[in-house]
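**Q** Shown below is the structure under consideration.
The values are calculated or read from the model by the stated rules, or taken from the named source; none is laboratory data. Note that the coordinates shown come from a computational prediction; the quantities given were computed from them, not determined experimentally. Note: ideal-geometry Cβ built from the backbone for every residue, glycine included; neighbour counts use all protein chains shown.
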Amino acid sequence: MEHCDWCDLSEEGRRFQLYESRSWSVFLADEQDLPGRCIVVLKRHCPSLSELTEEEWDELRELIRKTEACLKAVLGAALCNWSCLMNSFYKDPAPDPHLHIHVRPRYDKPVVLNGNTYTDSEFGHHYALNRSGAIPAEDKEEVFRRLKEWLDR
Ligand SMILES: [Zn+2]
């Protein structure tokens, strides 16, 4: 196997880890186009959902419950969009994907962080792919702090 970003994650890469179970890690995504956007990553190098073990599926079900409950309770998400795409790996002539799942909380009400207001202007529709993910670092920290506090209770 060549270098894999998820298998070779640095300390710095783990800076925004929110939660981990035996088989999975949950990170606050770099892109915060929707506040609280997360990535759920399998801890072993595995290419697709169809190759998960029973134990990994069982853990994933619990993790989905926990993550959704957290995003609803902490940020007021109305629902979450879950997507397992893997498309970018297939730009490579020899794709070697590492399973991960994007979690986008969707909001029917504004989210306020440090006095800044964020609205989900496409609520009820597919999220726009070209939304700006740039939110101030202190707002990302605030999201991280709030979500982690809920998950650690
Ligand atoms: Zn990997």
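**Q** If you go through region 75-116 one residue at a time, how many are under 15 Å from the mean Cα position of the chain (by Cα) and not in a loop (DSSP other than H, G, I, E, B)?
**A** Looking only at that region, the number is 13.
**Q** Can we say residue 59 is under 20 Å from residue 124 (Cα atoms), of a type in the set (Asp, Glu) and in contact (Cβ under 8 Å) with a residue 12 or more places away in the chain?
**A** No: the conditions fail for residue 59.
**Q** Write out, first by first residue and then by second, each pair whose Cβ atoms fall under 7 Å of each other, whose residues are 6+ apart or on separate chains, and whose first residue, in region 11-38, is touching a residue at least 12 places away in the same chain (Cβ under 8 Å) while the second is surrounded by fewer than 17 Cβ atoms within 10 Å (Cβ to Cβ) and among the small types (Gly, Ala, Ser).
**A** Pairs found: 31/133; 32/133; 33/132; 33/133.
**Q** With respect to residue 39, is the statement that it is within 17 Å of the chain's Cα centre (by Cα), in a helix (DSSP H, G or I) and surrounded by 12 or more Cβ atoms within 10 Å (Cβ to Cβ) true?
**A** Answer is no for this residue.
**Q** Right, another one. Working only within region 42-89, note down all residues that are polar (S, T, N, Q) and surrounded by 18 or more Cβ atoms within 10 Å (Cβ to Cβ).
**A** 67 - this is the single residue of region 42-89 that is polar (S, T, N, Q) and surrounded by 18 or more Cβ atoms within 10 Å (Cβ to Cβ).
**Q** Report yes if some residue within region 23-36 is surrounded by 13 or more Cβ atoms within 10 Å (Cβ to Cβ), within 13 Å of the ligand (Cβ to nearest atom) and modelled with pLDDT of 95 or more; otherwise report no.
**A** For region 23-36, residues surrounded by 13 or more Cβ atoms within 10 Å (Cβ to Cβ), within 13 Å of the ligand (Cβ to nearest atom) and modelled with pLDDT of 95 or more: present.
**Q** A follow-up question, please. Considering only residues that are surrounded by 12 or more Cβ atoms within 10 Å (Cβ to Cβ), of a type outside the set (A, V, I, L, M) and more than 17 Å from residue 38 (Cα to Cα), which ones fall in region 111-122?
**A** Passing the criteria: 116, 122.
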